[in-house]
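*Asks:* Structure in structure tokens, see below.
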Amino acid sequence: MTDLSVRIGSLTLANPVMPASGTFAEGLERVMDFSRLGAFVTKTITRELRTGNPLPRVVERPGGLINAIGIPSKGVPYFVEHTLPHYAPYSVPLVVSISAPTAEGFASLAAELSAVPGIAVIEANISCPNIEEDGKAFAMRAGSTEAVVRALRAATKLPLWVKLTPNTGDLPEVAAAAELAGADALVVANTILAMAIDLNTFQPSLGNVMGGLSGPAIKPIVLRQVYQCARVVKLPIIGCGGIATADDAAEYMLAGATAVQVGTATFVQPAAMISVIDGLAKFCERRDIARVSDLVGAVRNEETDEADLEWVAPPQ
């Protein structure tokens with residue numbers, strides 16, 4: 001049998017598959033065995049109460065969804081009292097996604113949650129494209145990324161995963177800044193800033209005008225970004241973007257991801273993560289791969305010696 005375990009910093013996961021933040025809730029327990037997941041990742045929480053963005057918040061497009069949910073949140077006390085106890089019976093590591101409008105806010109929230117038993121990892125969502133004006137986020141620039149991650153690192157001793165945005169011109173530079181500032185792992189990446197227009201009304205399809213595109217349509221873009229980031233940082237990378245099948249997960253791991261997060265696929269097939277886990281085991285067994293971790297960064301990209309190539313005339 002294939003060893004599906006992977007190691008992310010000091011944390012060992014039973015397998016590399018987990019939900020993406022905002023796509024996982026307690027009700028999914030009705031359709032899957034939670035104990036089989038590599039990790040739990042909560043919906044992003046904030047200190048302040050948030051109602052989220054105006055309706056409509058989701059629009060479907062070929063190959064994916066555009067969402068502008070806006071991180072509605074009932075705050076920390078509600079999370080601790082009502083959400084956290086649901087995950088207590090499981091041995092699966094709990095990753096808590098957090099967001100704040102300032103570096104100081106991120107640090108304060110991380111410090112408070114670090115004192116709460118049962119939380120294994122803080123995932124800092126410094127990348128959400130639909131809660132700031134025109135999609136701006138900390139992770140769009142190396143300087144702001146380094147500042148917020150340094151504040152977070154000083155505030156918590158828990159493993160710190162930093163979720164980056166694909167909406168930047170130089171993601172590897174941002175990734176390097178997060179590593180320098182003390183991140184333990186990177187999540188690459190959040191959704192791609194997008195919009196849609198209703199041709200019946202001539203109005204934006206989303207109440208927030210712009211939102212984040214997710215699903216299969218973004219996979220080739222984020223896969224490339226994972227590959228680029230893996231070449232410049234030594235941190236574990238969790239790939240996130242358009243993963244619906246075991247083959248998708250395997251591609252991300254070959255590109256350099258240690259683990260993967262499944263998001264939009266769960267809306268199509270609620271038990272998609274279990275299918276990905278089972279499929280990865282079969283993928284490795286067919287190829288006599290003893291450990292799924294052997295896939296990490298194993299993409300073949302050898303330079304070819306032109307002298308060894310036989311020239312073939314093009315067809316006439």
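*Asks:* Which condition from (1) at positive phi; (2) surrounded by fewer than 18 Cβ atoms within 10 Å (Cβ to Cβ); (3) in contact with a helix residue (DSSP H, G or I) (Cβ under 7 Å, 6 or more places away or on another chain) is the one that G215 breaks?
*Replies:* Condition not satisfied by G215: (2).
*Asks:* Now a separate question. Would a scan of the range 8-20 turn up a residue that is in a loop (DSSP other than H, G, I, E, B), of a type in the set (A, V, I, L, M, F, W, C) and free of Cβ contacts under 8 Å to residues at least 60 places away in the same chain?
*Replies:* no
*Asks:* I would also like to ask the following. Is it the case that the range 140-148 has a residue that's modelled with pLDDT of 95 or more, of a type in the set (S, T, N, Q) and surrounded by fewer than 24 Cβ atoms within 10 Å (Cβ to Cβ)?
*Replies:* No, the conditions are met nowhere in the range 140-148.
*Asks:* Residue by residue through the range 90-115, note down the ones that are among the hydrophobic types (A, V, I, L, M, F, W, C), over 22 Å from I8 (Cα atoms) and touching an Asp or Glu at 6+ places or on another chain (Cβ under 9 Å).
*Replies:* A100
*Asks:* For the range 71-82, indicate whether the set of residues that are more than 20 Å from the chain's Cα centre (by Cα), acidic (D, E) and not in a loop (DSSP other than H, G, I, E, B) is non-empty.
*Replies:* Yes: one or more hits.
*Asks:* Here are the criteria: (1) surrounded by fewer than 15 Cβ atoms within 10 Å (Cβ to Cβ); (2) over 18 Å from N125 (Cα atoms). Tell me which single one V59 does not satisfy.
*Replies:* (1)
*Asks:* Looking at V262 and the list (1) surrounded by fewer than 24 Cβ atoms within 10 Å (Cβ to Cβ); (2) under 20 Å from P93 (Cα atoms); (3) among the hydrophobic types (A, V, I, L, M, F, W, C), which single condition is not satisfied?
*Replies:* Going through the list (1) surrounded by fewer than 24 Cβ atoms within 10 Å (Cβ to Cβ); (2) under 20 Å from P93 (Cα atoms); (3) among the hydrophobic types (A, V, I, L, M, F, W, C), V262 breaks only (1).
*Asks:* Still on this model: Show the residue pairs that are 6+ apart or on different chains and have beta-carbon atoms under 7 Å apart, the first residue being within the range 160-175 and under 10 Å from T145 (Cβ atoms) and hydroxyl-bearing (S, T, Y), the second being assigned to a loop (DSSP other than H, G, I, E, B) and at pLDDT below 95.
*Replies:* Once the first residue is under 10 Å from T145 (Cβ atoms) and hydroxyl-bearing (S, T, Y) and sits in the range 160-175, its partners that are assigned to a loop (DSSP other than H, G, I, E, B) and at pLDDT below 95 give T165/S127; T165/P129; T165/A137.
*Asks:* Anything in the range 72-90 that is touching a helix residue (DSSP H, G or I) at 6+ places or on another chain (Cβ under 7 Å) and either more than 23 Å from N53 (Cα to Cα) or of a type in the set (D, E, K, R) (or both)? List them, or say none.
*Replies:* Result: H86, Y90.
*Asks:* Of the numbered conditions (1) in contact with a Ser or Thr (Cβ under 6 Å, 6 or more places away or on another chain); (2) of a type in the set (A, V, I, L, M, F, W, C); (3) crowded, with 20+ Cβ neighbours inside 10 Å, A196 fails exactly one; give the number of that condition.
*Replies:* For A196, the exception is condition (3).
*Asks:* Select from the range 175-233 the residues that are farther than 27 Å from G143 by Cβ and charged (D, E, K, R) and write down the one among them that is farthest from the chain's Cα centre (by Cα).
*Replies:* Taking the candidates together, the pick is D198.
*Asks:* Something else about it: For the range 26-40, enumerate the residues that are part of a helix (DSSP H, G or I) and of a type in the set (G, A, S).
*Replies:* Across the range 26-40, the qualifying residues are G27, S35.
*Asks:* Which residues, counting only those in the range 107-135, are modelled with pLDDT under 95 and surrounded by 15 or more Cβ atoms within 10 Å (Cβ to Cβ)?
*Replies:* Across the range 107-135, the qualifying residues are S127, C128, P129, N130, I131, G135.
*Asks:* Please state which of the following conditions K43 fails to meet, knowing it meets all the rest: (1) surrounded by fewer than 18 Cβ atoms within 10 Å (Cβ to Cβ); (2) more than 25 Å from G256 (Cβ to Cβ).
*Replies:* In the conditions (1) surrounded by fewer than 18 Cβ atoms within 10 Å (Cβ to Cβ); (2) more than 25 Å from G256 (Cβ to Cβ), K43 misses (1) alone.
*Asks:* Ok, one more. State all residues of the range 282-308 that are loosely packed, with under 13 Cβ neighbours inside 10 Å and either at pLDDT below 95 or among the acidic types (D, E) (or both); if no residue qualifies, say none.
*Replies:* E285, D288, R300, N301, E302, E303, T304, D305, E306, A307, D308
The values are calculated or read from the model by the stated rules, or taken from the named source; none is laboratory data. Just so you know, these numbers come straight off a predicted model, no measurement behind them. In this analysis, Cβ positions are derived from the backbone assuming ideal geometry, glycine residues included, and neighbour counts consider all displayed protein chains.
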